[in-house]
């Protein structure tokens, strides 16, 4: 059905359960271009971020991404633990990748930088909070979160998540989803600080798995620890998770039903 000439509903014609808020416009890159043309030109800006990221990180050695809060202060124990973690990753031959900002990101870059390793900062331009830290040997600036996320998962062979807010949760769940759906190969994913993560993991195991929203084996996507040496050993070791379709239990079931 061609809806190009269909007039929008008037407020008086909307169902009673619809809220009527103020009209909002979309930002446009160029002041002289309409929204449609502005969106089209934005594609080239997005493409340039992918090209710069791929070319800059093409020769990167094996790397571990460290995720965590931008708000963690340098005198916080988690900051010091992230510094130690990054330094030990470097001693194992890994580069360290962070979001390039303050907090845990700065700690990760600092530990790698001071240990003489490759310290990558994937900086995101934000109206508040984010500013690049000075401990980066490779620095790339991004306007778009999704281009930045691709660089994390494409160039990392392990992920260590320290406590953080919505951004850290987003990075954790997106990485888990990409592995669960086999869009990327399985990599070690470590959650550091049992006191912080245990409540969330208990909910995942007690609600999502029994409800059938995930497979039981999906709770093995990650490991939890309070020990830096254990986190580094897992990150620099072999991945342990395999999708349900490849697990012995699923294979046995498939053979039983003749699939």
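The values are calculated or read from the model by the stated rules, or taken from the named source; none is laboratory data. Note that this is a predicted model, so its numbers are computed, not measured. Cβ placement follows ideal geometry from the backbone for every residue including glycine, while neighbour counts extend to all protein chains displayed.
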note = Scanning the stretch 105-121 residue by residue, the ones that are farther than 16 Å from residue 94 by Cβ and within 15 Å of the chain's Cα centre (by Cα) total 1
message = Condition first: more than 17 Å from the chain's Cα centre (by Cα) and at negative phi. Now tell me which residues in the stretch 177-199 satisfy that.
response = 194, 195, 196, 198, 199
remark   = Per the list (1) at pLDDT 95 or above; (2) on the phi < 0 side of the Ramachandran plot, residue check on residue 68 breaks on (2)
task = Return the only residue of 195, 199, 111, 132 being under 22 Å from residue 225 (Cβ atoms) and buried (at least 17 other Cβ atoms within 10 Å of the Cβ).
result = 111
task = Collect the residues in the stretch 90-108 that are on the phi > 0 side of the Ramachandran plot and either surrounded by fewer than 24 Cβ atoms within 10 Å (Cβ to Cβ) or in contact with a helix residue (DSSP H, G or I) (Cβ under 6 Å, 6 or more places away or on another chain) (or both), keeping them in residue-number order.
result = 93
query = If residue 241 passes every condition in (1) closer than 23 Å to residue 95 by Cα; (2) part of a helix (DSSP H, G or I); (3) at pLDDT below 90 but one, which one does it miss?
reply = (2)
task = State all residues of the stretch 66-89 that are buried (at least 21 other Cβ atoms within 10 Å of the Cβ) and farther than 17 Å from residue 196 by Cα; if no residue qualifies, say none.
result = 83, 85, 86, 87, 89
query = Only one residue in 213, 196, 135 is within 21 Å of residue 71 (Cα to Cα) and in a loop (DSSP other than H, G, I, E, B). Which one?
reply = 135
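One residue is enough: does the stretch 128-142 have a residue meeting the conditions touching a residue at least 60 places away in the same chain (Cβ under 8 Å) and within 17 Å of residue 166 (Cβ to Cβ)?
Residues of the stretch 128-142 touching a residue at least 60 places away in the same chain (Cβ under 8 Å): 130, 138, 140, 142.
Checking the rest, the ones that are also within 17 Å of residue 166 (Cβ to Cβ) come to 130.
Checked against the condition, which is being touching a residue at least 60 places away in the same chain (Cβ under 8 Å) and within 17 Å of residue 166 (Cβ to Cβ), the stretch 128-142 yields at least one hit.
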query = Looking only at residues in the stretch 228-238 that are in a loop (DSSP other than H, G, I, E, B) and loosely packed, with under 12 Cβ neighbours inside 10 Å, which one is modelled with the highest pLDDT?
reply = 237
message = Please go through the stretch 141-162 and give me each residue that is crowded, with 20+ Cβ neighbours inside 10 Å and part of a strand (DSSP E or B), ordered by number.
response = 142, 158, 159, 160, 161
